[in-house]
Amino acid sequence: MIFFVSGTHEASFKRAVKAIDELKGKGVITEDVILQTGYTDDYEPKYCKWEKFFPYDQTQELAKEAHILITHGGPSSFIMGLSNGKVPIVIPRRAEFGEHVNDHQVKFCHAVAERQGNILVVDDVNELENLIKNYDTITADMAKGMTFNNQRFCEGIENIANSLVKEK
């Protein structure tokens, strides 16, 4: 199953929703597709299951179950995929399409992709067909998931504490 998350920004994300829906309609995508369309009132998907919004717990469960998670460029959405061991396909919202107020998602997503190497950034929705068709091959050697600094920090503090209380 493929799960798409548009986020909660109060602007249409028709560009992404329509592109995914059309790939499903053309048979390029053979898996089930579930779309969270958000405020995309100017396009109603014809080939995919969809809701404007899912409750938080259901969103988390769908992201966990998905073979491929596709998200907008908000960090909470693509981190949801990373925390489930996936390499998310990320389509940053762009100002030129009225999807956001500026292109901060574009810049941020490219920085994450360059530094971490664990997300696939889509600048042009025409790239989606190749990414979806070849997802398993493309992501086979990529870092999956993420490491959390909190865990490393706690382990470091625990090691220090243990060394201080060791019996001599």
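Quick notes on this structure:
- Cross-link reach list, lysines versus Lys49, counting only Cα pairs under 21 Å and skipping chain neighbours closer than eight places: Lys14, Lys18, Lys24, Lys26, Lys64, Lys133
- Estimated 222 nm signal from helices in the chain, with DSSP H stretches of n ≥ 4 weighted -39500 (n - 2.57), rounded to 500: -12500 deg cm²/dmol
- The chain: antiparallel DSSP beta bridges as a percent of all, rounded to 5: 0
- Percent RCO, i.e. relative contact order, over the chain, from Cα pairs under 8 Å lying at least 6 residues apart: 20
- Exposed-site-free run, longest, the chain (rule: GluC sites (Glu not before Pro); DSSP loop; at most 14 other C-beta within 10 Å): 32-166
- Cross-link partners for Lys166 among the aspartates and glutamates, with Cα-Cα distance under 15 Å and sequence neighbours closer than 8 places in the same chain left out: Glu158.
- Residues whose placed amide H lies under 5 Å from that of Thr71, excluding near-sequence neighbours: Val5, Ile89, Val90, Ile91
Read-outs: derived from the displayed coordinates by stated rules, not from any lab. Just so you know, these numbers come straight off a predicted model, no measurement behind them. Every residue, glycine among them, receives a Cβ derived from its backbone with ideal geometry; neighbour counts consider all protein chains shown.
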